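The values are calculated or read from the model by the stated rules, or taken from the named source; none is laboratory data. Please read all numbers here as calculations on a predicted model, not as lab measurements. Neighbour counts run over all protein chains shown; Cβ positions are idealised from the backbone, glycine included.
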Ligand SMILES: Nc1ncnc2c1ncn2[C@@H]1O[C@H](COP(=O)(O)OP(=O)(O)OP(=O)(O)O)[C@@H](O)[C@H]1O
Ligand SMILES: [Mg+2]
């Protein structure tokens, strides 16, 4: 039969490795991010701006903290803020993509759902890196922040990797609230988490009750942990417990919603 | 009486597997066996058996809510049938998708506004192991000139061409088009089909859902009519066209003689609705002449049979009284094949 001869032999058709994950795709995703001026403004410029306001104040900037100073301490806080904002908005992009039907479109390609999540994570991390580097470079150029050279590297790496926790948060929220204004929700939630984690105001200035409550919020553990190399002193295991607990909650939530989304009913 | 038990002139009422002898050897492009799909209490697909051979160009024709999109989703592996099985080239639909054997132009959505046309095609090309060159498919779809434009700034027709370009990338053996020309003007529709034709690869199976009878007639070798989740007819486009070229004659007439009307040559369906009578027929002149000369009928109207009416004429499902339905008269093309087994025999 003439119809069959022209059809490509099914055995010649291959499935892509790594579920379809490719650096070239990440490159296109990053280009898309760069086009989005609002995301860039919020994640890269805001933390720098906050550092310039709070981190250079001469009344306390040079006060000592461990082997460094308060300016370095605030620099770490602001870089963390930028990094988590970047990773959570990167994760939350799934909301917009689901709304546009793009996720559905991807499901009629060889791209596997897990590879799609991996692409989102890596893209978020790249944006997060930009946010961290922006704050650290400004910290370097303004000459107020001071700590041993290895701590610049260690703290930057720790908070950058740690911000993956919030990629899970962003995915969770993105799958939970498929709407255009998911970014506003994320921005507001992170503002609250940042206060709770002590990124903007030291927790010691809170009332006892508020301070007690703050230790249960999702940025508390991560914030304390990334500052630990600088602050040193006694290690508090509740920080690690907080981080692990929220990692489990966000990841489980994201997986639950993700499963629900990709289930073929 | 079930719809499919009635005789339908010139049309094979259901696509039973194996009803086309000699086409069973290569794996069918699409093989649906006893497929049902329920959404809660809604039964969107109610037992479809359909085998589409490699290389066929098939129109999936049906009114809104017939179950076309639901069926296409199952063929694409986007959803699973509640009952029955779906195979694509003998494979699970998702495996066929992963191998780039199948692609689709969806009814709506599926594009990101903040990417350019060129980026969208490039992105899609990265997802497959092997694709045709992006520049080539963009040329085919006629979007080379707008490659640098943001998708959000493209017109509906341009977006549809973009979807088409994306669907061509994997050089699929099966291309599914879900109302691909919806919302396009006549010119856009013509250009779209010209592009599909130009790219027609020998052996590529094309299945498209449409409301437009002209489209089915012009581009398909085979037309599958679906209605309320069932295949009500399956035949060549010529056969379907003959069906829909019928007319409806409507008149106000008390105590119409149904048998007399039914015996006029070319009449295939007579409906009495209170004091009015509706006759589906191929020769409206004969019916009008009879009504105006032999009966006190008045307010006579003659209308071309729309798709929906064609379905009603075909199936009698919605007719309040199927007495004198298609089965009672010869009708045009009565040499056509008729349903060999009643619908109920499937369970
Ligand atoms: N996810 C869903 N949940 C509930 N009902 C659904 C769902 N999807 C489809 N339906 C129902 O199933 C029926 C068939 O819908 P489907 O979209 O397949 O029709 P269609 O033939 O593609 O119609 P159209 O020509 O309007 O695109 C409709 O009654 C629709 O309301
Ligand atoms: Mg549809």
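What about residue B:44, is it modelled with pLDDT of 90 or more and either outside the structural domain of residue B:171 (by TED's automatic domain parsing) or over 16 Å from the mean Cα position of the chain (by Cα) (or both)? Spell out how you get there, then give the answer.
Working: modelled with pLDDT of 90 or more: yes; either outside the structural domain of residue B:171 (by TED's automatic domain parsing) or over 16 Å from the mean Cα position of the chain (by Cα) (or both): no.
No; evaluated as a whole, the condition is false for this residue.
Results for (1) more than 23 Å from residue B:96 (Cβ to Cβ); (2) within 16 Å of ligand 2 (Cβ to nearest atom), shown as yes or no for each residue.
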residue: B:143; (1), (2): yes, no
residue: B:146; (1), (2): yes, no
residue: B:174; (1), (2): no, no
residue: B:180; (1), (2): no, yes
residue: B:206; (1), (2): no, no
residue: B:221; (1), (2): no, no
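Going by the structure shown, is residue B:109 within 16 Å of ligand 2 (Cβ to nearest atom) and surrounded by fewer than 21 Cβ atoms within 10 Å (Cβ to Cβ)?
Working: within 16 Å of ligand 2 (Cβ to nearest atom): yes; surrounded by fewer than 21 Cβ atoms within 10 Å (Cβ to Cβ): yes.
Yes: the conditions hold for residue B:109.
To keep it simple, each residue is scored yes or no on (1) within 13 Å of another protein chain (Cβ to nearest Cβ); (2) modelled with pLDDT of 90 or more.
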{"site": "A:99", "(1), (2)": "yes, no"}
{"site": "A:102", "(1), (2)": "yes, yes"}
{"site": "A:131", "(1), (2)": "no, yes"}
{"site": "A:139", "(1), (2)": "no, yes"}
Determine, yes or no, whether residue B:91 is touching a helix residue (DSSP H, G or I) at 6+ places or on another chain (Cβ under 6 Å) and either within 16 Å of ligand 2 (Cβ to nearest atom) or at the interface with chain A (Cβ under 9 Å from one of its Cβ atoms) (or both). no
Could we say that residue A:108 is over 14 Å from the mean Cα position of the chain (by Cα) and under 20 Å from residue A:190 (Cα atoms) here? no
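What helices (runs of 4 or more DSSP H) lie completely within the stretch B:187-277 and have 1 or more residues being crowded, with 22+ Cβ neighbours inside 10 Å, within 16 Å of ligand 1 (Cβ to nearest atom) and assigned by TED's automatic domain parsing to the domain that holds residue B:44? Spell out the reasoning first.
Working: elements: B:213-219, B:237-244, B:258-262.
Output list reads B:213-219.
Does residue A:79 satisfy the criteria of being touching a helix residue (DSSP H, G or I) at 6+ places or on another chain (Cβ under 9 Å), under 30 Å from residue B:114 (Cα atoms) and in a helix (DSSP H, G or I)?
yes
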Just checking, does the stretch B:161-172 include any residue being more than 16 Å from ligand 1 (Cβ to nearest atom), surrounded by fewer than 22 Cβ atoms within 10 Å (Cβ to Cβ) and in contact (Cβ under 8 Å) with a residue 60 or more places away in the chain? yes
Expected output for the stretch B:63-88 (first residue within 14 Å of chain A (Cβ to nearest Cβ) and without any contact (Cβ under 8 Å) to a residue 12 or more places away in the chain, partner assigned to a loop (DSSP other than H, G, I, E, B) and within 16 Å of ligand 2 (Cβ to nearest atom), Cβ below 8 Å, 6+ apart or cross-chain) is B:73/B:79; B:78/A:108
With B:268, B:221 as the choices, which residue is farther than 30 Å from residue B:200 by Cα, touching a residue at least 24 places away in the same chain (Cβ under 8 Å) and touching a helix residue (DSSP H, G or I) at 6+ places or on another chain (Cβ under 9 Å)? B:268
Any pair with Cβ under 9 angstrom, 6 or more apart, that starts in the stretch A:106-117 at a residue that is within 9 Å of chain B (Cβ to nearest Cβ) and at positive phi and ends at one that is at pLDDT 90 or above and surrounded by fewer than 21 Cβ atoms within 10 Å (Cβ to Cβ): none
Conditions (1) touching a residue at least 24 places away in the same chain (Cβ under 8 Å); (2) in contact with a helix residue (DSSP H, G or I) (Cβ under 9 Å, 6 or more places away or on another chain); (3) more than 16 Å from ligand 2 (Cβ to nearest atom); number of the one not met by residue B:100: (2)
Would you be able to tell me the number of residues in the stretch B:47-60 that are more than 13 Å from residue B:74 (Cβ to Cβ) and within 16 Å of ligand 2 (Cβ to nearest atom)? 2
